[in-house]
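Since the structure comes first, as structure tokens, the remarks are kept for the end.
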Amino acid sequence: MRLSDGRPPIVVAFSGGKDSTAAALLLREQGHEVRALTMRLGLAGEEGILARVEALARAIAVPWRAVGLEAAFREKVLDRFVAAYGRGLTPNPCVACNRHVKFGLLMAAAAAEEPDALFATGHYADKALVGGRWLLKEPAERRKSQVYFLAAIDPGALARAAFPLAGMTVAQVRRKVTGLPLANAGESQDACFLQGEGLDLFLGRRLPGGLRPGELLDAAGAVIGRHDGALRFTVGQRRGTRHAGGRRLYVVRRDLDAGTVTLGEEMDLLSSSLTAAAPVYWRPLRAGEALQVKVRYEARGHEAEILEATAERIRIAFREPVRAVTPGQLAVVYDGDLVVAAATIE
């Protein structure tokens with residue numbers, strides 16, 4: 001229920017790290033009734049981590065419980081991640097986790113526990129109400145922005161979402177949690193399930209064919225060498241190809257079925273357009289709009305024109321060619337500092 005002054009209770013997605021802890025403390029300082037939920041994902045060593053998270057919640061006097069989401073995490077994140085790699089794509093697991101698990105099932109668990117509650121996370125992100133629609137917005141701390149990873153969540157979830165760190169700097173967050181027994185004092189990793197294991201080893205156990213030796217090809221399809229596993233390569237990579245041909249060559253494609261890795265010149269990495277599938281629209285797009293598009297995390301936005309925007313796909317033409325547009329990654333469309341659409345690059 002709401003407090004007598006009208007402030008709603010807030011349930012925080014609580015990992016026990018710096019950001020979610022600072023979010024919980026800020027909300028309580030603002031006078032909200034705060035509760036904390038942690039995702040149980042079925043990872044190795046997780047019970048020990050959850051014990052530290054529970055101890056931290058006690059230390060800051062916030063009611064806490066863990067929510068069992070093991071099956072959903074395995075199906076919606078792990079299995080899809082591995083399957084996408086098997087198709088030659090480079091997926092982003094955090095995008096899937098935020099959409100299906102954190103802002104899907106965990107948010108639903110929060111609503112079941114506190115029907116009137118808002119749902120807060122420790123993401124560096126913001127939101128804005130524009131023309132009656134809630135849109136994701138870049139936070140004050142742009143260099144730590146996590147908006148890209150949130151761009152594919154259900155837009156309807158944003159009405160109940162809160163981002164307490166929207167106006168905070170990293171230094172302010174760190175000061176807020178100084179001296180607390182954090183469950184995880186390090187920086188969060190993009191793929192939490194790797195737990196220190198190399199990506200090629202993780203995938204190799206699940207896609208053993210991806211680590212078999214195969215042929216290195218040039219852009220014309222001619223054999224120019226050998227490699228020791230297509231999974232070991234990413235689009236745009238130059239070092240580690242073990243090909244010394246007197247010129248700079250980059251990975252431009254990998255084919256797990258054929259066991260081949262294709263190398264090309266840097267110009268072969270440039271794309272003048274992209275097509276992206278399964279779009280999420282934060283507001284309607286129209287053909288001819290000039291907007292900005294990010295094709296990976298930390299990439300700057302690229303000036304682009306919308307060629308087509310349907311329920312099935314978005315087609316985009318870049319003003320200047322863009323390097324290493326990678327199938328499987330998320331293309332996020334911005335209007336200034338607001339997210340207006342997102343879709344998976346084909």
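Rank Val252, Val170, Val333 by mean-square fluctuation in a GNM of the chain with C-alpha springs under 10 angstrom and give only the top-ranked residue. Among Val252, Val170, Val333, the largest GNM mean-square fluctuation belongs to Val170. Computed over the chain with a Gaussian network model linking Cα atoms closer than 10 Å, the most mobile of Arg239, Arg80, Arg296 is Arg239.
For the stretch 166-218 versus the stretch 82-148, the spacing of their alpha-carbon centroids is 18 Å. Between Val130, Val293, Val261, the residue with the greatest mean-square fluctuation in the GNM of the chain (Cα pairs under 10 Å linked by springs) is Val130. Once you keep just the Cα pairs under 8 angstrom separated by 6 or more residues, what percentage relative contact order results for the chain? Once divided by the residue count of the chain, the mean separation gives 15 percent.
Laboratory data are not the source of any read-out in this text; all were calculated from the coordinates shown. Here the structure is a predicted model, which means the values were calculated and not measured.
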